[in-house]
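Trainee: This is the structure I have questions about; it appears just below.
Rule-based calculations on the coordinates, nothing more; no lab input. Computed from a predicted model, the values in this text were never measured in an experiment. Quick reminder, even Gly has a Cβ in these numbers, built from the backbone with ideal geometry, and neighbours come from all protein chains shown.
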Ligand code: 4AD
Ligand code: MG
């Protein structure tokens, strides 16, 4: 069977005019009156579907087809007819319709609008709903755009391990991976579980970041990036945290913090432009969806129109500000003085919450912000220590609606300073000798960052909840499907 995808019909309708084509897909809507019926068929190759006209006098199973339920899979053989006056630019006049798989009236995705909460409970079916069709198609395109960006610039794609013995971020938010008998694990004399009897003969977890290994690869290839699943056992019930998400981590030798910021800004703008160039149909639908969702909100609470918002980011340079300046702004803000922050900004040294990040971006600077020079106490051990002895060469990129979208830094390349910092924060130096070797043999200034893929997708699609931009989300209390 030579099957034509609906996307190709839209690409060059004129070339199909008057020809016979075979289209396979799932019925989105179906109606009939006596001897004439219409179905909207979608095959997932693009956002749009195709209208199929079927007539009793032209197909021999009209009754069977007219009785089909939404969700059924069919193959349609028909004539491609251009319909310049109608709402849709063309339709198929069926000569033959084969039922691949019928559907039942209980099919949960009926034409009416369902809430996103409800659709999460049917994550196995929701990819067939318009919103998810659009969101996951953007996800796929963005993933390809990420590879394209780095490959065009000569970066090496580095696969870093998912099972790991080290906690890169030092936050203790790791999922243990073990084959020990959980009912009766072996224990040492101190009563603690004896992981030396485990599969890897040491305590092992799912990775929270591929950075440490990426640094090793960068010391060989100069420019590398990772793109893979990442796991964090943080019990954050926010709309921006998932227990399993995908992170992109470039790491570049001989780059300082300034270069790192330039790379991050170029990268984000490239991806936004890529989505605008490759996913316009999906974005237009998502834009309408968002406007619909926010129609009852007050004007000042509504988001900027999606496409306009994406273009806005492309057209503005990100504001580069130090943590110290940001604290001053926040501390003196009306919001803070009027006690409107859930976490009041008391002074230098506090960690920034997403409400603070969003204030800086949405209310104060009104564009994306890159914050640098954070206090060393609130950042990871590997960041380059600034001469002031207090701050590190960290950079967080903050976006409207999202808050932190990228976290990165210049790395401490000095062996002694790094070891001292590891001891201060209690990281076992002995088990990290492989990492420290990068500072013993040809250590070089280097920098990198991590982009949370789903956070980028939240921004690009305008969806509000991380669980709606990953097909089968993992969040606390939720590992269904
Ligand atoms: O700021 P983070 O923790 O940085 C790192 O892991 C560094 N090792 C990156 C590097 O320098 N190579 O995480 C990076 C980004 C965050 O800015 C955020 O976008 C995303 O990863 N992220 C999450 N996304 C979804 N759910 C979570 N639980 C996330 N935690 C972090
Ligand atoms: Mg961070």
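Trainee: Order these peptides, 410-417, 335-342, 128-135, 56-63, by their mean beta-carbon neighbour count within 10 angstrom, highest first.
Mentor: Taking the mean over residues of other Cβ atoms within 10 Å, the ranking is 128-135, 410-417, 56-63, 335-342.
Trainee: With angles folded into 0 to 90 degrees, how steeply does helix 211-221 sit against the dominant principal axis of the chain? Use alpha carbons for both and round to 10.
Mentor: It is inclined by approximately 90 degrees.
Trainee: What span do the alpha-carbon atoms of segment 50-98 cover on each of the three principal axes, reported in whole Å from largest to smallest?
Mentor: Taking the Cα atoms of segment 50-98, the three principal extents are 30, 24, 14 Å.
Trainee: Kindly express, to the nearest 10 degrees and within the range 0 to 90, the angle between helix 415-425's C-alpha long axis and the longest C-alpha principal axis of the chain.
Mentor: The two axes meet at around 80 degrees.
Trainee: In percent, what relative contact order does the chain have, based on Cα pairs under 8 Å that are 6 or more apart in sequence?
Mentor: Value for the chain: 13 percent.
Trainee: Would you work out if segment 119-262 is rounded, prolate or oblate? Take a ≥ b ≥ c from the square roots of the eigenvalues of the alpha-carbon gyration tensor; rounded if a/c is under 1.5, else prolate when a/b is larger than b/c, oblate otherwise.
Mentor: Oblate shape, in that a/c is at least 1.5 and b/c is the bigger or equal ratio.
Trainee: Dividing the alpha-carbon radius of gyration of the chain by 2.2 N^0.38 Å (N being the number of residues), what value is obtained?
Mentor: It is 1.16.
Trainee: Starting from the exponent 0.38 and prefactor 2.2 Å, build the expected Rg for segment 183-332 from its residue count and divide its actual Cα Rg by it.
Mentor: Normalised by 2.2 N^0.38 Å, the Cα Rg of segment 183-332 equals 1.51.
Trainee: At q = 0.22, 0.23 Å⁻¹, what is the base-10 log of I(q)/I(0) for segment 1-77 according to the Debye formula with one equal point scatterer per Cα and no solvent? Please give it to two decimals.
Mentor: One equal scatterer on each Cα of segment 1-77 leads to -1.04, -1.12.
Trainee: Additional query: P(r) for segment 360-481, please, calculated from all Cα pair distances in 10 Å bins and given in %.
Mentor: Percent of Cα pairs in each bin: 12, 31, 27, 23, 6, 0.
Trainee: Beyond 17 Å, what share of the Cα-Cα pairs of segment 249-319 remains, rounded to the nearest whole percent?
Mentor: Within segment 249-319, distances greater than 17 Å cover 56 percent of Cα pairs.
Trainee: Hey, what number do you get for the chain at 222 nm if only DSSP H runs of n ≥ 4 count, each worth -39500 (n - 2.57), divided across all residues, to the nearest 500?
Mentor: After summing the helix terms and dividing by the residues of the chain, the value is -8500 deg cm²/dmol.
Trainee: For helix 130-152, report the angle its Cα long axis makes with the longest principal axis of the Cα atoms of the chain; keep it between 0 and 90° and round to the nearest 10°.
Mentor: Between the helix axis and the principal axis of the chain, the angle is about 50 degrees.
Trainee: Which order do 454, 251, 301 fall in if you start with the one that has the fewest other Cβ atoms within 10 Å?
Mentor: In order of increasing Cβ crowding within 10 Å: 301, 454, 251.
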